[in-house]
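A.B. asks: Encoded as structure tokens, here's the structure I'll be asking about.
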Amino acid sequence: MALRGPAGLGPGSRKPLDEAVAAAEGREASGLVAPGAAPEDDEEDDGRGRGLLRWDGFSAWLHCVCVVGFDLELGQAVEVIYPQHSKLTDKEKTNICYLSFPDSNSGCLGDTQFCFRFRQSSGRRVSLHCLLDQFDKDLPVYLKKDPAYFYGYVYFRQVRDKTLKRGYFQKSLVLISKLPYIHFFHTVLKQIAPEYFEKSEPYLEAACNDVDRWPAPVPGKTLQLPIMGVVMKVRIPTCHDKPGTTQIVQLTQQADTHISVILPTVHEVDLFRPSVILGVTNPFFAKTLQHWPHIIRIGDLKPAGEIPKQVKVKKLKNLKTLDSKPGVYTSYKPYLNRDEEIIKQLQKGVQQKRPSEAQSVILRRYFLELTQSFIIPLERYVASLMPLQKSISPWKSPPPLRQFLPEEFMKTLEKTGPQLTSRIKGDWIGLYRHFLKSPNFDGWFKARRKEMTQKLEALHLEALCEEDLLLWIQKHTEVETVDLVLKLKNKLLQADRECLPVKPDTVEKLRTHIDAIILALPEDLQGILLKTGMT
């Protein structure tokens with residue numbers, strides 16, 4: 001199966017085929033459109049006027065769209081790739097084929113949605129939309145692009161069809177993207193996939209044209225994204241957002257009558273007790289995967305409606321491959337006690353048929369508060385490693401941060417530990433010791449240390465601005481004055497390059513100081529320093 005040409009070349013088009021092809025080749029040769037792009041009415045530029053080439057808007061969100069079907073001779077195969085100029089290596093196509101069908105023996109009919117991640121082939125050329133990666137620096141860590149991977153978002157349909165030799169219609173519509181926006185792309189698929197399975201390629205082409213007209217995925221902006229008659233309102237979070245706050249900002253109190261779907265999040269999935277458990281029945285896997293930290297062994301089903309009061313968690317080393325009893329086996333040691341209150345709250349929600357979205361919000365808020373209780377003592381101790389502001393001299397390098405000493409930190413927990421903000425009991429000390437040895441602490445502390453180092457540099461810059469530099473140069477030689485000017489220019493360059501938290505008026509004040517110092521020097525030196533950029 002192959003896609004037809006662009007919309008202007010479909011049946012009933014007034015433009016002769018050879019004329020359209022010639023026009024497309026001419027535009028490609030002149031660089032007006034990307035290879036394989038649709039040659040339709042470039043003069044109008046789709047009303048975008050954003051200075052982007054054809055498909056640049058699409059590439060900011062998606063790499064391509066694939067249709068994976070089942071062939072009796074070949075198995076799973078990529079039937080369609082759109083836009084047609086999108087590049088996938090043979091290995092990437094193979095990965096997409098194998099990952100785009102659910103691996104299950106349930107034989108369930110209907111529609112299924114899921115996502116996967118797969119590694120890009122080595123040596124892949126960077127696409128033109130890498131210019132839009134400048135937005136990446138404003139994203140939270142968990143939403144930053146990983147240049148080594150693609151994400152695949154799947155809408156799979158399996159229904160009986162007697163006209164097919166296999167007896168079933170089995171096909172997946174797959175969105176391939178570098179963006180880890182799980183909830184957003186699942187919502188997009190819900191809007192376009194059912195219609196695509198009914199109307200086929202022309203519908204897919206129209207949907208991709210809609211995506212190409214979308215504004216760039218800028219963090220912090222509320223975006224309105226039309227897709228096949230539906231307008232979605234989304235906001236991509238930034239690294240400056242307060243944790244736990246809703247992603248959508250209501251700019252006005254008036255209802256947006258043209259908005260069809262408002263997404264409170266682009267990435268968060270439903271956290272509440274999932275409806276599917278992925279498991280295996282072959283004893284080979286039970287034996288091979290015993291090194292996994294958690295194993296659930298399922299036995300005979302209980303009568304409908306009967307729920308065990310409590311499931312005892314057993315040590316993983318006690319698990320015997322074939323003759324072990326049903327239960328939960330884990331090698332993980334819990335440091336904190338069970339929170340009965342949150343469990344009762346969720347159970348009450350089940351009894352009252354509370355929506356799973358609301359249950360997920362309760363769970364997220366609970367874990368956010370627990371995380372804050374855990375992090376606050378660390379934040380307090382790390383802040384104490386910062387030198388006092390009075391120790392910062394404009395004529396010396398900023399003093400270094402004090403060293404993080406685990407045992408010194410542990411001593412602070414007795415009076416300022418998590419017990420001040422959390423009701424949970426348990427071995428908090430053991431949990432902190434475990435955390436301090438983990439890569440998670442290493443990443444967190446490096447980020448905090450960078451922030452504090454930048455703050456020190458900013459305070460040093462402010463201290464320089466408060467000095468009477470003209471008085472200083474009267475007591476020093478011309479060589480020392482020139483050296484000062486060059487150092488101050490480098491300070492300004494550093495502030496811009498590292499995005500130091502410096503007030504705008506501080507930067508302007510320092511520029512004024514530099515200009516005043518230069519004008520106080522002999523004319524020959526003035527000419528040299530005025531021409532000397534910030535190096």
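A.B. asks: Determine the order of 348, 242 by accessible area, beginning with the largest, at a probe radius of 1.4 Å.
C.D. replies: Output order, biggest surface exposure first: 242, 348.
A.B. asks: Here is a follow-up. If you keep only loop residues by DSSP, which chymotrypsin sites (Phe, Trp or Tyr not before Pro) in region 341-388 have at most 10 other Cβ atoms within 10 Å of their Cβ?
C.D. replies: none
A.B. asks: I've got another one for you. Let me know the shape class of region 176-241, please: from the alpha-carbon gyration tensor, a ≥ b ≥ c as square roots of the eigenvalues, rounded when a/c is under 1.5, otherwise prolate if a/b is greater than b/c, or oblate.
C.D. replies: Verdict is prolate for region 176-241.
A.B. asks: Next question, about the same structure. For a distance above 19 Å, tell me the whole-number percent of Cα pairs in region 320-409 that qualify.
C.D. replies: Percent of Cα pairs beyond 19 Å in region 320-409: 69.
A.B. asks: Okay, moving on. Given H placed 1.01 Å from N in the peptide plane, which residues other than close sequence neighbours of residue 117 have an amide H under 5 Å from its amide H?
C.D. replies: Hits under the 5 Å cutoff: 152.
A.B. asks: Let me ask you something else. Arrange the residues 177, 121 by how much accessible surface each exposes, largest first, with a 1.4 angstrom probe.
C.D. replies: Ranked list, largest accessible area first: 121, 177.
A.B. asks: For residue 235, what charge total do you get from the other residues with a beta carbon under 10 Å from its beta carbon, if Lys and Arg give +1 and Asp and Glu give -1?
C.D. replies: That sum, taken over residues with Cβ under 10 Å, equals +1.
A.B. asks: Using θ = phi - 60° and the Karplus relation 6.51 cos²θ - 1.76 cosθ + 1.60, list the HN-Hα couplings for region 470-484 in order, rounded to whole Hz, with x at every Gly or Pro.
C.D. replies: 5, 5, 5, 5, 5, 9, 10, 6, 5, 4, 5, 5, 4, 4, 5
A.B. asks: Just to make sure I understand: if all protein chains stay in place, what is the order of 410, 228 by accessible area at 1.4 Å, largest first?
C.D. replies: From most accessible down to least: 228, 410.
A.B. asks: Rounded to the nearest 20 debye, what is the charge dipole size of region 324-405 about its Cα centre when +1 sits on each Lys and Arg Cβ and -1 on each Asp and Glu Cβ?
C.D. replies: The dipole of region 324-405 has a size of about 60 debye.
A.B. asks: Go through region 279-286 residue by residue and turn each phi into a ³J(HN,Hα) via Karplus (6.51, -1.76, 1.60, θ = phi - 60°); whole Hz please, and just put x for glycine and proline.
C.D. replies: For region 279-286, the Karplus-derived couplings read x, 10, 10, 6, x, 4, 5, 4 Hz, x marking Gly and Pro.
A.B. asks: Enumerate the calculated ³J(HN,Hα) couplings along region 213-220 in order (Karplus 6.51 cos²θ - 1.76 cosθ + 1.60, θ = phi - 60°), each rounded to whole Hz, writing x wherever the residue is Gly or Pro.
C.D. replies: Working through the residues one at a time gives 8, 5, x, 5, x, 7, x, x Hz.
A.B. asks: Under a Cβ-Cβ cut-off of 15 Å, what is the net charge of the residues other than residue 109 that fall near it, where Lys and Arg count +1 and Asp and Glu count -1?
C.D. replies: For residues surrounding residue 109, the net value is +3.
A.B. asks: Continuing with the same structure: Please find the FRET efficiency linking residue 206 to residue 455, where r is the Cβ-Cβ separation and R0 is fixed at 41 Å, and quote it to the nearest 0.05.
C.D. replies: 0.20
A.B. asks: Out of residues 5 or more away from residue 80 or on other chains, whose amide H comes under 5 Å of its own, with H placed 1.01 Å from N in the peptide plane?
C.D. replies: Residues meeting the criterion, in which the H sits 1.01 Å from N, are 67.
A.B. asks: Once label points are set 7 Å from the Cα along Cα→Cβ at both residue 427 and residue 357, what is their separation, rounded to one decimal in nm?
C.D. replies: Each label point lies 7 Å from its Cα, and together they span 4.1 nm.
A.B. asks: Residue 336 versus residue 503, label points 7 Å from Cα toward the beta carbon: distance in nm?
C.D. replies: Reported label-point gap for residue 336 and residue 503 is 3.9 nm.
A.B. asks: Tell me which residues come under 5 Å, amide H to amide H, from residue 313 once H is placed; ignore anything under 5 positions away on its chain.
C.D. replies: none
A.B. asks: Where does the charge balance sit around residue 361 when Lys and Arg score +1, Asp and Glu -1, over other residues with C-beta under 13 Å from its C-beta?
C.D. replies: Cβ neighbours under 13 Å give a net charge of -1.
The values are calculated or read from the model by the stated rules, or taken from the named source; none is laboratory data. Values in this document were obtained by computation on a predicted structure and should not be read as measured data. Backbone-built Cβ (ideal geometry, glycine too); neighbour counts: all protein chains shown. We work out accessible area using only protein heavy atoms, side chains counted, and drop any ligands, DNA or RNA first. Shrake-Rupley method; radii C 1.70, N 1.55, O 1.52, S 1.80 Å.
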